[in-house]
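Single-structure report; data block below.
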Amino acid sequence: MPKRILVADDDPAMLKVYERLLARLDHSVEKAATFAEAAALIAERDFDLLITDLMFPDGLGTDLIESLNKKRAGAQSLLVTGSVRELPPEKRPSSYFEKPFDVNSFMAAVAAALE
């Protein structure tokens with residue numbers, strides 16, 4: 001059964017990378033280019049997996065993850081960032097992918113999250 005994936009990143013080039021990588025999978029993929037757009041999609045729809053950037057001009061990816069977890073128990077998320085050093089220690093995630101990431105490791109994490 002196809003799963004629903006939301007990809008949120010404010011970098012158009014990264015959205016295209018995700019689109020190409022996830023096209024290999026037989027799942028529904030929606031994209032959001034802003035924190036606000038991603039938050040609205042999370043509020044409106046159910047997603048099995050959220051792949052999100054950490055830093056948006058209008059919010060933090062960790063807040064999107066929190067919103068998804070509150071809405072849907074069991075939903076999975078993958079956080080991708082250029083740097084967590086910009087965050088205060090209490091806001092730093094325990095696990096994440098750092099850009100540029102290894103494609104094989106990333107796709108293995110996506111597959112594991114969708115199992």
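The values are calculated or read from the model by the stated rules, or taken from the named source; none is laboratory data. On a predicted model such as this, the values are computed, not experimentally measured, just so you know. A quick note on method: Cβ atoms are made from the backbone with ideal geometry, for glycine too, and the neighbour counts reach across all protein chains shown.
Which of the residues that make up the range 16-31 are more than 21 Å from Gly74 (Cα to Cα) and buried (at least 17 other Cβ atoms within 10 Å of the Cβ)?
Val17, Tyr18
Condition check: more than 15 Å from the chain's Cα centre (by Cα) and either modelled with pLDDT under 95 or under 21 Å from Asp10 (Cα atoms) (or both). Does Pro93 satisfy that?
no
Among (1) out of contact with any helix residue (DSSP H, G or I) (no Cβ under 8 Å at 6 or more places or on another chain); (2) surrounded by 15 or more Cβ atoms within 10 Å (Cβ to Cβ), there is one condition Pro2 misses while meeting the rest; what is its number?
Every condition holds for Pro2 apart from (2).
Would you confirm whether any residue within the range 53-76 is in contact (Cβ under 8 Å) with a residue 40 or more places away in the chain and under 19 Å from Asn104 (Cα atoms)?
Checked the range 53-76: at least one residue is in contact (Cβ under 8 Å) with a residue 40 or more places away in the chain and under 19 Å from Asn104 (Cα atoms).
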